[in-house]
Amino acid sequence: MAEILQYVHKDGFFHRLTPLSKIVFIIAISLMCIISINLVFLAILVIALLVIAFFCRLHQEVLQQTKLILVMSGVFIIITLITMPNGATLGYLVPPGIPLIGGSVPLTQGALEIGLILTFRFMVLIFAFQLFLISTQPRDLVHTLEKMKMPIDYVLMFIIALRFIPTLQIEGTRIHEAQLARGYNPGTGFIGKIRSVAPIIIPLVSNALLRSNVLGLTIDMRGYRTGKRTHVRESTLQRRDYGVLFAMVVASCGYVVLLMKQII
């Protein structure tokens, strides 16, 4: 079963980078995609991230979120078409020949462009965060965030949240399989999927609350906030890290120059 936001043990280029280099990478890419409203530039960012994923042998894990991206892309475009009719009318979502409601939802150029911008931004953020999380071990990320003088409480909450997501996914799948093994038949189609949620959500939430209680007791028993922590492995910047940091600085400066010229 493919787990989301789960570290994947490989020996690619992205895995050999220190977490600090990857944090700078994801911040730079995220700021670029959030600020830019140029469809061509956003499409280039998406292609660049996919190329990096193929180069680092992480394309299979990154492309696992394709279904989510397609669904959310359709949602973004439909919402913008309904709520932000702007520009030239290209057509209608509801054909004009339908009585009473025909031609009520115009398909405008401005709304379509905004929907595509939101879609590309969502794709860039998903791909960038996926590359970062599946190539970084949680302990290395904790050490780096501690060196950046981030409060340990926030670091702990962030790491626990990341670890809970794949854990809940695995447990939700097991509960669903157990319900099916017991003969539970929620039906087919959209109604069947809705009926199948309740028998999964209730035990999943109950188990998550129990696990959080055990986790809190474990943290207290291990002497959290007492004494100075030491690390088995220290991460230091290598040549490849300096290369990535230099590339991000150059890309950011070039982006600012193009932004000042109103090109992107």
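The values are calculated or read from the model by the stated rules, or taken from the named source; none is laboratory data. Since we're looking at a predicted model, the values are computed, not measured. Positions of Cβ are generated from backbone atoms using ideal geometry, with glycine treated the same way; all protein chains shown enter the neighbour counts.
Residues in the range 14-50 that are surrounded by 15 or more Cβ atoms within 10 Å (Cβ to Cβ) and over 30 Å from Leu259 (Cα atoms): His15 only. Look at (1) among the acidic types (Asp, Glu); (2) over 20 Å from Arg239 (Cα atoms); (3) without any contact (Cβ under 8 Å) to a residue 40 or more places away in the chain and you find that Glu61 fails only one, number (3). Any residue at all in the range 54-61 that's modelled with pLDDT of 80 or more, over 26 Å from Lys22 (Cβ atoms) and assigned by TED's automatic domain parsing to the domain that holds Val256? Checked against the condition, which is being modelled with pLDDT of 80 or more, over 26 Å from Lys22 (Cβ atoms) and assigned by TED's automatic domain parsing to the domain that holds Val256, the range 54-61 yields no hits at all. How about the range 44-93: which of its residues are touching a Pro at 6+ places or on another chain (Cβ under 9 Å) and outside any helix (DSSP H, G or I)? Correct list: Pro85, Thr89, Leu90, Gly91, Tyr92, Leu93. Residues in the range 143-159 that are surrounded by 15 or more Cβ atoms within 10 Å (Cβ to Cβ) and in contact with a helix residue (DSSP H, G or I) (Cβ under 7 Å, 6 or more places away or on another chain): Thr144, Leu145, Val155, Ile159.
Of the helices (runs of 4 or more DSSP H) entirely within the range 99-195, those holding at least 1 residues that are within 30 Å of Leu81 (Cβ to Cβ) and of a type in the set (Gly, Ala, Ser) occupy 109-134, 189-195.
Every residue, every condition in (1) assigned by TED's automatic domain parsing to the domain that holds Val155; (2) hydrophobic (A, V, I, L, M, F, W, C); (3) at pLDDT 75 or above; (4) farther than 18 Å from Ala161 by Cα, yes or no:
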| site | (1), (2), (3), (4) |
| --- | --- |
| Leu180 | yes, yes, yes, yes |
| Tyr184 | yes, no, no, yes |
| Arg195 | yes, no, no, yes |
| Ile200 | yes, yes, yes, yes |
| Val205 | yes, yes, yes, no |
| Arg211 | yes, no, yes, no |
| Ile219 | yes, yes, no, no |
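Within the range 175-216, the set of residues being surrounded by 15 or more Cβ atoms within 10 Å (Cβ to Cβ) and either more than 28 Å from the chain's Cα centre (by Cα) or among the charged types (D, E, K, R) (or both) comprises Gln179, Pro186.
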